[in-house]
Protein chains: 2
Amino acid sequence: MSDISLIDRKPDVLSEKCPSRRVLNHVTSRWGVLVLIALQDGTHRFSNLRRRIGGVSERMLAQTLRVLEEDGFIQRTAYPVVPPHVEYDLTPLGQTVAEKVHALAACIEDNLGQILATQDA
Amino acid sequence: MSDISLIDRKPDVLSEKCPSRRVLNHVTSRWGVLVLIALQDGTHRFSNLRRRIGGVSERMLAQTLRVLEEDGFIQRTAYPVVPPHVEYDLTPLGQTVAEKVHALAACIEDNLGQILATQDA
């Protein structure tokens, strides 16, 4: 409830106490960024996401998906079958956020040559 | 040099070995995001940046600025005066990246009410 009261003020990530900063940390986390990008092209199962995101551990992927689901960026659908079948999708808000994250990643990818040359200089 | 050879392939942050992922980690780091946003409105001195970015320590701010300078996103200018006078600016590439980071943060700020309501549900 204290979180809600804070948004009577205009949210500002530069302010230490603003809850927007915590959410920003979720979507810019090491694996959060990559999960959002990987889900942009549609529904994925856990094992498929793990293959797409090079280097992610089972534990970190599960934790990242849970946090992004709690924020409302990811929809988790569990089908009542044996063995369990669970699918992950972006919500409409998640799609909007994923587009911003993707634009940032694409900007880095597109300018990588210049960046690596600067690092070497 | 091994980094440079990797960019013969199209950069892809989902690939564990692609150097674009390391750079993406710099600009999406806890403080990297906020430094880029804080520098968007122009030149800042260290002490001024530290005041603008709530909660950042001297050590973390210095380290973040150094990494972003090495990538070519930030220009550091030291004037040969006593006491030392050092200024930080975004480079043209840094400005481009900062705009993407800012768009992401603004998206979170604009939807914070919905996100907090989802967290509470």
**Request:** Using the charge dipole of region A:1-95 (Lys, Arg: +1 at Cβ; Asp, Glu: -1 at Cβ; taken about the Cα centre), state which of A:Ser29, A:Leu39, A:Gly72 has its Cα farthest towards the positive end.
**Result:** A:Ser29
**Message:** Using a 7 Å offset from Cα along Cα-Cβ at A:Asp12, what residues in region B:85-121 end up with backbone N under 15 Å from the label point?
**Reply:** B:106, B:109-110
**Asked** Quick one: putting +1 on the C-beta of Lys and Arg, -1 on the C-beta of Asp and Glu, what dipole do you get for chain B around its Cα centre, in Debye to the nearest 20?
**Response** 300 debye
**Request:** Would you tell me the mean number of C-beta atoms belonging to other protein chains that fall within 10 Å of each C-beta in B:72-83, as a whole number?
**Result:** 1
**Request:** Please give the per residue volume of the convex hull enclosing the alpha carbon atoms of the protein assembly as shown, rounded to a whole number of Å³.
**Result:** 135 Å³
**Request:** Please give the per residue accessible area of the protein assembly as shown, computed with a probe of 1.4 Å over protein heavy atoms only, in Å².
**Result:** 51 Å²
**Message:** Taking only complete DSSP H runs, can you tell me which helices of chain B stretch 24 Å or more along their own long axis by Cα positions and average at least -1.0 on the Kyte-Doolittle scale?
**Reply:** B:92-110
**Request:** Could you please point out the chain B residue with its Cβ nearest to the axis of the rotation taking chain B onto chain A, and the distance in whole angstrom?
**Result:** B:Thr28, 2
**Prompt:** Which of the peptides B:95-101, B:30-36, B:44-50 is most tightly packed, and how do the rest follow, going by the mean number of other Cβ atoms within 10 Å of each residue?
**Reply:** B:30-36, B:95-101, B:44-50
**Per-pair calculated FRET efficiency, R0 = 25 Å: A:His85 and B:Ala117 via Cβ, rounded to 0.05** = 0.30
**Complete:** Contact-by-burial set, region B:98-112, min loss 50 Å², accessible area of protein heavy atoms with 1.4 Å probe, reference chain alone, gives B:Lys100, B:Leu104, B:Cys107, B:Ile108, B:Glu109, B:Leu112
**Prompt:** What is the Cα radius of gyration of chain B over 2.2 N^0.38 Å, N being its residue count?
**Reply:** 1.24
**Asked** To the nearest 0.05, how large is the calculated FRET efficiency for B:Gln75 and A:Glu70 if R₀ is 45 Å and r is the Cβ-Cβ distance?
**Response** 0.70
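The values are calculated or read from the model by the stated rules, or taken from the named source; none is laboratory data. All values derive from a computational prediction rather than experimental measurement. Glycine gets a Cβ as well: all are built from the backbone with ideal geometry, and neighbour counts include every protein chain shown. These accessible areas exclude ligands, DNA and RNA; they are computed on the full protein's heavy atoms, side chains included. Shrake-Rupley method; radii C 1.70, N 1.55, O 1.52, S 1.80 Å.
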